[in-house]
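The next block holds one structure in the form of structure tokens; read it before the comments.
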Amino acid sequence: MIVGQPVDRRDGRMKVTGRARYAAEFPLQGLAHAVLVQSTIAAGTILSFDTADAKGQPGVLAIITPDDAPRLQTKKASQQMVTAPLLQDKDIIYNGQHVAVVVADTLDRALEAAARVRVQYRQGEAVTIMDQALGQAAVPKHFRNGARPPDSQRGDPDAAFATAPVKIDVTYTTPVEHHNPMEPHATIAMWQGDRLTVWTATQGISGAQTTLATLFGVEPQNVRVVSPYVGGGFGCKGNTWPPATLAAMAARVVGRPVKLVLTRAQMYTSNGYRPRTIQKLKLGADQTGKLLAMRHDGFSQMSQPVLGEFVEPVALATEMLYACPNVAVSHRIVPVNQGLPTYMRAPGEASGVFALESAMDELAIALKMDPIALRLANYAEIDPHENKPFSSKKLRECYAQGAAKFEWSRRTPGPRSMRDGRWLVGLGMATATYPNNRRAASARVRLGTDGVAIVQSGTQDIGTGTYTVMAQVAADELHLPLSHVRFELGDTRYPKAPVSGGSSTVPSVSPAVQAACAALRARLFDMAIADPRTGWSGASHSDLRFENGVVIGPDRRITVPQLLAHQNLAFVEAEAESKPGDEKNEHSLHAFGAQFAEVRVDLETGEIRLTRCVGAFDAGRVLNAKTARSQLIGGITYGIGMALFEKTEVDAETGRIVNANIAEYLVPVNADIPPIETILVANDDRIGNPVGVKGMGELPMVGAAAAVANAVWHATGVRVRDLPIRIEDVLA
Amino acid sequence: MPSLNYVAPATVQEAVRLLAGASGLAKVLSGGTDLLVQLRSGRTRPELIVDTKKIPGIIGIREENGGFVIGAATPGMALFEHPTLKQTWPGVVEAANLIGSKQVQGRASLAGNLCNASPAADSVPAMIAAGATCLIAGSDGTRQAKVEDIVTGPGRTSLARDEFIVEFRLPKREPRSGDAYLRFIPRTEMDIAVVGCGVCVTLDANGVCTAARVVLGAVAPTPVLVPEAAAALVGHKLDDATLEMLDAAARRACNPIDDKRGTIDYRTKVAGVLARRTAAIAFNRASGGKSAGGH
């Protein structure tokens, strides 16, 4: 078995030697460069542009403003489509909004001209801070794309809470955060007549294809999207955001290929963010710790409705994580003059489980109960919200194995009860959960006379290991050595696959790869049986085996080159689609985990240092022990950033983001990250999908911030309910 | 907009002549780790950039009369790798090496860190504590100045428009003396000081402090030399009562701002703690200990 082995990343050498070509790096003849001009006000209307000075600069090819921008077909919605702001009107919704595109023959000339575009505005009234607009909180119109209402209730949580002997009634907040992938978004767009080719950094080539086709009014098959390598996405490359569309618009206007690369600062105003959330939590329990009532009311920051809608679904995990008879959740959005928020690693779960699992810690303290014991007392054997069995749930094993490795038993219950010299020591834990998502996906495989299987699917590798694990799945299915399998992705010429979001790539695409390989093998068997030289006529597939490129029958064997030669074929090919069946109607599909964190807090300065993290996860079958561990430590690291560092700061008066760079928007550096130990609990969930996997891109981020916050409470006795945890909080 | 001119003169005199002759804003370039970022962001729009790195001697370290002469544009890594500088002035070298990352250290210079005039500059409190001076070239020749007399406010220095720093001088180390620098940042690395503290002390044979300089960074518009904090040390050994007085004096010297990086209360409290911790390292070094810096 090659699946499960810690195989090195197949793209690793290409990346570290600089040969992996990212979106901004495709060389094209006559390439022109586009630069965005951005609004300096947060609300109002553009009165006029003064572009005379800019137009007179050397090398300028075009200055596109709402006055002359080509009209786009923004009325028809499609997957991952963002329809504004695309220079179609003169309304200003937020500070930093794109208001014009300058195209020149070199980047420097485009930058110079862009700096000379003058914009006159009529300034409107802006609401830049969510907390000032809570009165405008609205019910989402398209929650989960209409798949379910934004609110739910079972039992009578208010009545149960009123009479519960032990109560927690608290409010948690999480800040605006930006994704900050290493690679800024970039697009190169080229038109040949009505045919558009874009090289773009995206988590979804199919969504980019349909979005661009819709907006420019061309057939989807006339749009080719190429994205072989993506330098991290974390959600901000999921939608097809305006910069990709504006690059294509600019290329059409100037009649040349155009490149548009966002600056780091523009990564804060161009492709979404995790919205600020305010979460009201009520937990009621009896004296034994049994939950009697849960209420989780979430408010998340939104932009103005004209840009679309995004809700941070903070309370979905609250519905299903614990066996509580009385539960209500709600989701509201608060419009402000900021850009459109979007998915950011574990949208809803990362922010919502921070609140839920912090509140559970508060409940354990109120009950004088061990935090793990409290969770086990409320362990949900079936999904209590959907009233369905879980396809598999190894959360108990996660708690047990994680606690053993972390040596949870050394924890003394009281706050400030563990010390090491001038350091207060704190141990905290939290639960993780994330849905096991799957969407329809296709793959094809071609086997030629050289014995190499080329497997193709229009999926993405956003740094997670798709290239590697799909080759492993194909190698096992075809009984070929890994060296004889090549996996190709990132091109809309390949069979269609879904957006790499919601941790769905492996659960969606690996079954398609497996199915395509099985179909190829069946085709080879058909050919072998039909081949008069084998003498196998009348044999069935079960009489044959396919190993190392050879079809083996009861009495003899035939190689693929021989089979192909007999039929004058250069290769044999098969394609298959794999999609969810009714497993989701029968079962609740989730991954689980238990997070543990050890912090030290300096008695004198309050500085907070993590010294150890342990995460134990049920992520189904593991395709590659090495890339899986990388996902887990990456997710926990992202969670540590959420806990201790990350916050986008907005100037209330202007609505401008003031720390739009990675010097002032703090992400963890290596020295901030302690040793992270990971455990993958043995599981193989064939109900969720035929490969047995659960997505694990987002899972390890969930609960990490709560584990840190709970550890900080244990160290200091200070409960921090507003992220990130700051030194000032623990000194208070 | 005026176009930007770049010149790299080969002599001090030529550099001074160019600076004096500039009609608009002229900027002196050494490592460029601040200036290039500011140019890119549009925060500064000079007409002329005078790159000093071609001037002989402006990069390099030499020992002179028991002290050190450090060329103004000498990068941080050269300080780090010098065979004797770090043993002699560990606080200064550690402070300089806290600036940015390893890559930044390949370029970042003491002159740049000083003349960028950030209140939070790491090397400046350490240099002031060490009693460093600088040699300044201008149209009227050269002059010596104390490092603490250079920065006059955020982004502002006492240098005239035709002047630039040619070299720094670190004095001969007194026997039984030691220096140290600590800074406090929320993140573990790669961050700007919320508070910085440089301390240099000289002890007598009994471990009693005979001379001290205590300097705080990031708690006022400029780095602050705190004579009251030094006075708390002089005449005393490193005991709890002395440290308490030092802590209080350091806190009294603070005049910080509230910002997203730290509140006034917090910066003030940490200034006292850092003064104590830095003094402990400096005392230890002065009495022959090999105490490491950092935290």
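The values are calculated or read from the model by the stated rules, or taken from the named source; none is laboratory data. Since this is a predicted model, take the numbers as computed values, not measurements. Positions of Cβ are backbone-derived with ideal geometry, glycine not excepted, and every protein chain shown enters the neighbour counts. Remember, those area values only see protein heavy atoms, side chains included, never the ligands or the DNA or RNA. Shrake-Rupley method; radii C 1.70, N 1.55, O 1.52, S 1.80 Å.
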Next on the checklist: Give me the extension gain from A:VAL669 to A:ASP108: residue separation times 0.36 nm, minus the current Cα-Cα distance, reported in nm with one decimal.
Outcome noted: 198.8 nm
Item to check | Dipole magnitude of chain A about its Cα centre (Cβ charges: Lys, Arg +1; Asp, Glu -1), debye to nearest 20 | outcome: 840
Checklist entry - Just going by the charge dipole of the protein assembly as shown, with Lys and Arg at +1 and Asp and Glu at -1 on Cβ, which of A:SER351, B:SER3, A:GLN153 is farthest out on the positive end? => result B:SER3
Checklist entry - In whole angstrom, how long is each semi-axis of the equivalent ellipsoid of region B:61-170, when you take the square root of 5 times every eigenvalue of its Cα gyration tensor and sort them from largest down? => result 21, 16, 12
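Tell me the trypsin sites (Lys or Arg not before Pro) within region A:313-397 that lie in a loop according to DSSP and have at most 12 other beta-carbon atoms within 10 Å.
In loop regions of region A:313-397 (DSSP not H, G, I, E or B), the sparsely surrounded trypsin sites (Lys or Arg not before Pro) are A:LYS368.
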Next on the checklist: For A:TRP408, what accessible surface area do you get with a 1.4 Å probe? Give it in Å², rounded to 10.
Outcome noted: 20
Item to check | Value in Å of the Kirkwood radius, where region A:401-458 supplies the Cα pairs that are averaged | outcome: 17.3
Next on the checklist: Would region A:81-129 count as rounded, prolate or oblate if I go by the C-alpha gyration tensor, calling it rounded below 1.5 in a/c and otherwise prolate when a/b exceeds b/c, oblate otherwise?
Outcome noted: prolate
Item to check | B:GLU81 paired with A:ARG686, simple spin-label distance in nm, labels 7 Å along Cα-to-beta-carbon | outcome: 6.1
Item to check | Förster radius 41 Å - calculated FRET efficiency between A:LYS141 and A:GLU381, Cβ distance, rounded to 0.05 | outcome: 0.70
Item to check | Value at 222 nm in deg cm²/dmol, rounded to 500, when DSSP H runs of n ≥ 4 in chain A each add -39,500 (n - 2.57) | outcome: -7500 deg cm²/dmol
Next on the checklist: Greater than 21 Å separation of Cα atoms is the criterion. Which listed pairs, A:LYS76/A:LYS141; A:LYS90/A:LYS237; B:LYS53/B:LYS172; B:LYS86/B:LYS172; A:LYS393/A:LYS496, meet it?
Outcome noted: A:LYS90/A:LYS237; B:LYS53/B:LYS172; A:LYS393/A:LYS496
Checklist entry - When the Cα centres of region A:11-71 and region A:564-610 are compared, how far apart do they sit, in Å? => result 35
Checklist entry - To the nearest Å, what is the center-to-center distance of region B:158-212 and region A:87-108, using C-alpha atoms only? => result 48
Checklist outcome for this item: By the C-alpha gyration tensor axes a ≥ b ≥ c (rounded if a/c is under 1.5, else prolate when a/b exceeds b/c, else oblate), the shape of region B:177-232 is oblate
Item to check | Cα pair distances in the protein assembly as shown, grouped into 20 Å bins until the bin that holds the longest one, percent each | outcome: 12, 36, 36, 14, 2, 0
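Before anything else, pin down the relative contact order of region B:61-170: Cα pairs under 8 Å, at least 6 apart, normalised by residue count, whole percent.
Here the relative contact order equals 29 percent.
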Item to check | Highest-fluctuation residue, B:ALA218, B:ALA271, B:ALA78 considered, GNM on chain B with Cα pairs under 10 Å | outcome: B:ALA78
Checklist outcome for this item: Here, A:ARG396 and A:ASP156, labelled 7 Å along Cα→Cβ, have an inter-label distance in nm of 3.3
Item to check | Charge dipole (chain B, unit charges on Cβ, about Cα centre) - positive-most of B:GLY67, B:ALA96, B:PHE168 | outcome: B:ALA96
Item to check | Alpha-carbon centroid distance for the pair region B:52-84 / region A:494-522, whole angstrom | outcome: 61
Checklist entry - When the helices in chain B are scored as -39500 (n - 2.57) per DSSP H run of 4 or longer and the sum is shared across all residues, what 222 nm value do you end up with, to the nearest 500 deg cm²/dmol? => result -9000 deg cm²/dmol
Checklist entry - Looking at region A:653-732, which GluC sites (Glu not before Pro) are DSSP coil and have at most 12 other C-beta atoms within 10 Å of their C-beta? => result A:GLU653
Checklist outcome for this item: Kirkwood radius from Cα pairs of region A:165-256 plugged into Stokes-Einstein at 25 °C, 0.890 mPa s, gives D in µm²/s equal to 166
Checklist entry - Nearest 0.05, what FRET efficiency do A:LYS368 and A:GLN567 give at R0 = 56 Å with Cβ-Cβ as r? => result 0.15
Next on the checklist: So if I average 1/r over every pair of distinct C-alpha atoms in region A:439-579 and take the inverse, what Kirkwood radius in Å does that give?
Outcome noted: 15.3
Item to check | Other protein chain Cβ atoms within 10 Å, averaged over every residue that makes up B:240-252 | outcome: 0
Item to check | Radius of gyration, Dmax [chain B; alpha carbons; angstrom] | outcome: 18.9, 65
Next on the checklist: I need the peptides A:497-503, A:75-81 ranked by packing, meaning the mean over residues of other C-beta atoms within 10 angstrom, with the highest value on top.
Outcome noted: A:497-503, A:75-81
Item to check | Radius of gyration and maximum dimension Dmax of region B:174-295, Cα, Å | outcome: 13.8, 46
Next on the checklist: Can you compute the modelled spin-label distance between A:ASP50 and A:GLN29, with each label point 7 Å from Cα toward Cβ, in nm?
Outcome noted: 4.2
Checklist entry - How far, in nm, would the chain grow between A:ALA404 and A:ARG493 when pulled straight, counting 0.36 nm per residue and subtracting the alpha carbon separation? => result 27.1 nm
Item to check | Sites B:GLU47 and B:LYS102 - FRET efficiency at Förster radius 35 Å, r taken between beta-carbons, to 0.05 | outcome: 0.60
Item to check | Hits among aspartates and glutamates - C-alpha to C-alpha of A:LYS694 under 13 Å, sequence gap 8 or more where chains match | outcome: A:ASP618, A:ASP684, A:ASP685
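Kirkwood hydrodynamic radius of region A:273-391 from all distinct Cα pairs, in Å?
15.2
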Item to check | Debye equation applied to the C-alpha atoms of region B:5-51, log10 I(q)/I(0) at 0.31 Å⁻¹ | outcome: -1.18
Next on the checklist: If you take each beta carbon of peptide A:640-649 and count the beta carbons of other chains within 10 angstrom, what is the mean?
Outcome noted: 1
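With only Lys, Arg, Asp and Glu charged, each at its Cβ (+1 for the first two, -1 for the last two), find how big the charge dipole of region A:439-579 is about the Cα centre; round to the nearest 20 debye.
My answer is approximately 120 debye.
If you count, for each residue, the other Cβ atoms within 10 Å and average over each peptide, how do B:180-186, A:84-90, B:128-134 line up from highest to lowest?
Packing proxy ranking, top to bottom: B:180-186, B:128-134, A:84-90.
Determine the shape class of region A:491-648: with a ≥ b ≥ c the square roots of the Cα gyration tensor eigenvalues, call it rounded for a/c under 1.5, and otherwise prolate if a/b is greater than b/c, oblate otherwise. Don't skip to the answer; put the middle values down first.
Values: a/c = 3.30, a/b = 3.06, b/c = 1.08.
Here region A:491-648 falls in the prolate category.
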Item to check | Contact order normalised by residue count of chain B, Cα under 8 Å, 6+ apart, percent | outcome: 16
